[in-house]
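Let me give you the structure first, and then I'll get to my questions.
The values are calculated or read from the model by the stated rules, or taken from the named source; none is laboratory data. Predicted, not measured: the structure shown is a model, and the values here were computed from it. Quick reminder, even Gly has a Cβ in these numbers, built from the backbone with ideal geometry, and neighbours come from all protein chains shown.
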Amino acid sequence: MNDQNGFDSNGMYHYSYTSQHSDPWDRQTPPTPPQPPKKKKSGAGKAVALVLCCALVGGGAGVGGAAAYSALTAGPQEETTIYRNEVDPTAVKVKQADGLTPMSLSEIYAAYADSCVCISVTGMATNGWYQQPTAGAGSGFIISEDGYIVTNYHVIDGANTIKVTLNNGDTYDAKLVGGEELNDVAVLKVDGVSGLKPVVLGDSDDLVVGEQVCTIGNALGTLSFSQTSGFVSSTGREITMSDGTVMNNMIQTNCTINSGNSGGPLFDSYGRVVGITSAKLSNNGDSRSATIEGIGFAIPINDVIGIVTDYMQYGYVTGRPYMGILNPSDTADYADRFGWPVGVYVNDVEEGSCAETAGIRRGDIITKIDDTEITGVSQLTSVKNSYRAGDTVRVEVYRSGEALTLTLTFDEQENGTQESGGRVQDPAPQQTSSGSYGGQNPYGNYGDEFFNSFPWSYFFGR
């Protein structure tokens, strides 16, 4: 039985409707049926229902449901205001380095990005039985208004073509004026240009640990004119290059130096060039190891400026010391076996050279120059090049079980003297030991057949 509201004893509503119109198309909205009494729910129940509803819509909406409930129960929301500060663009003053006024990084870039260049090279490399084209990239900096440019030697080593690109996008052909692997420095020249902006050179001996430095270069060969910055981590570092060459007095910095930055300028905090960045330095012979972080090196500008100016003025380096020792070899591999001292074995001596005049003979082992112990060819080369032609030194040699001290006055290397490969000859050539004979043919290096090569000449008194 229904009550007066139409509900039966079980709470079910029974609805009946009789149309008051005979026209079936005359559809008026039926009256709204009465609603059953509503049960009051607690606030917790509302939350459960809301979150459950959101969960049914999608798994990712659960968090949204909770957030929605939080928003519903939090009451009226305050407006969120976003603040924007309108400022004028920073104006960077372009000023010249004067060595008196520190410059910000942005000031250095504004002043000297136009003094930097990106270098691209092409060449040919032998791969087995055939040759294939090669390409490389590096950095450099302008040192004179008429187009002289400084870079690393390894950037242009073996290049057939060299091109430099300025910051304004202009690209020029460049020629090699001179360069050497020993100090990893080269001078290029762009002809037919004038009015270029050169860098200002500083004094690398004045650098102190903790001083800010930066470089501008062609990072990775693609990110041209990138600036990175850091600090001087140390000075006077002795570094072994990837080819075994030992370089002294290097600047260590945490300034990021990647492949492609090689040859770029290292600026001090006054905007002066105090070094040439080098990505050739490495760990375990990997010349561009990606595992090294925060350790970069640069060649002090004071160590190479004389070389650079000589190339610009004469086309070769003047005053370079020459010893006249031919085909030297390391003795470290034989020291324990034959009871020899560690040093440099002399396979031959050039006739008329200062080595011959000093009394150095084939078969001698050079163990010391002045107060410096000589442990290998690379070190001999490094020590020798700390002197100039005309300097006199004491050379200690080991001969037939006896230590002798000789006096040697360095000759000057002649212009154009070359070693194999077309590189500028080091007066004590850097032919490091490769196997038992320093990479040389043990059966006739100088036409005297079997007995003329290390170590045989030692036993036979050659």
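Among the residues of segment 139-157 satisfying the criterion of being outside any strand (DSSP E or B) and of a type in the set (Gly, Ala, Ser), which is surrounded by the fewest Cβ atoms within 10 Å (Cβ to Cβ)?
As a first pass, look at segment 139-157 and keep what is outside any strand (DSSP E or B): 143-147, 152-157.
Then drop every residue that is not of a type in the set (Gly, Ala, Ser), which leaves 144, 147.
Working: Ser144: 14, Gly147: 20.
Ranking the qualifying residues of segment 139-157, first place goes to Ser144.
Residues in segment 401-414 that are surrounded by fewer than 20 Cβ atoms within 10 Å (Cβ to Cβ), modelled with pLDDT of 90 or more and under 18 Å from Val349 (Cβ atoms): how many?
Matching residues across segment 401-414 total 6.
Considering only residues that are of a type in the set (Gly, Ala, Ser), closer than 21 Å to Ser400 by Cβ and crowded, with 18+ Cβ neighbours inside 10 Å, which ones fall in segment 327-385? Can you show your working first?
Within segment 327-385, the subset of a type in the set (Gly, Ala, Ser) is 329, 332, 335, 339, 343, 352-353, 355, 358-359, 363, 376, 378, 382.
Retained after the next criterion (residues that are closer than 21 Å to Ser400 by Cβ): 329, 332, 335, 339, 343, 355, 358-359, 363.
Result: Ser329, Gly343, Ala355, Ala358, Gly363.
Okay, moving on. Quick one: is Asp330 within 38 Å of the chain's Cα centre (by Cα), without any contact (Cβ under 8 Å) to a residue 40 or more places away in the chain and under 23 Å from Met247 (Cβ atoms)?
Spelling it out, it is not the case that Asp330 is within 38 Å of the chain's Cα centre (by Cα), without any contact (Cβ under 8 Å) to a residue 40 or more places away in the chain and under 23 Å from Met247 (Cβ atoms).
Residue-by-condition table, conditions (1) among the hydroxyl-bearing types (Ser, Thr, Tyr); (2) within 21 Å of the chain's Cα centre (by Cα); (3) at pLDDT 95 or above:
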{"site": "Leu100", "(1), (2), (3)": "no, no, no"}
{"site": "Ser115", "(1), (2), (3)": "yes, yes, yes"}
{"site": "Cys118", "(1), (2), (3)": "no, yes, yes"}
{"site": "Gly123", "(1), (2), (3)": "no, no, no"}
{"site": "Trp129", "(1), (2), (3)": "no, no, no"}
{"site": "Thr134", "(1), (2), (3)": "yes, yes, no"}
{"site": "Asn160", "(1), (2), (3)": "no, no, no"}
{"site": "Val164", "(1), (2), (3)": "no, yes, yes"}
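Let me ask something else about it. Does any residue in segment 372-393 that is on the phi < 0 side of the Ramachandran plot and among the hydroxyl-bearing types (Ser, Thr, Tyr) come within less than 7 Å, Cβ to Cβ, of a residue that is in a helix (DSSP H, G or I) and surrounded by 17 or more Cβ atoms within 10 Å (Cβ to Cβ) six or more places away or on a different chain, and which pairs are these?
Close Cβ pairs (under 7 Å, with a partner that is in a helix (DSSP H, G or I) and surrounded by 17 or more Cβ atoms within 10 Å (Cβ to Cβ)) amount to Thr372/Val383.
OK, next. If I ask for residues that are surrounded by 22 or more Cβ atoms within 10 Å (Cβ to Cβ), under 18 Å from the mean Cα position of the chain (by Cα) and in a loop (DSSP other than H, G, I, E, B), which ones from segment 181-233 would you list?
Residue satisfying the conditions is Asp184 alone.
Now a separate question. All but one of (1) part of a strand (DSSP E or B); (2) touching a residue at least 40 places away in the same chain (Cβ under 8 Å); (3) surrounded by fewer than 18 Cβ atoms within 10 Å (Cβ to Cβ) hold for Asn160; which doesn't?
Here Asn160 clears every test but (2).
Based on this model, can you work out whether Leu201 counts as in contact with a strand residue (DSSP E or B) (Cβ under 9 Å, 6 or more places away or on another chain), modelled with pLDDT of 95 or more and within 14 Å of Pro300 (Cα to Cα)?
yes
Shifting gears a bit: Residue check: is Thr417 exposed (fewer than 14 other Cβ atoms within 10 Å of the Cβ), closer than 18 Å to Gly324 by Cβ, polar (S, T, N, Q) and modelled with pLDDT of 90 or more?
Details: exposed (fewer than 14 other Cβ atoms within 10 Å of the Cβ): yes; closer than 18 Å to Gly324 by Cβ: yes; polar (S, T, N, Q): yes; modelled with pLDDT of 90 or more: no.
No; evaluated as a whole, the condition is false for this residue.
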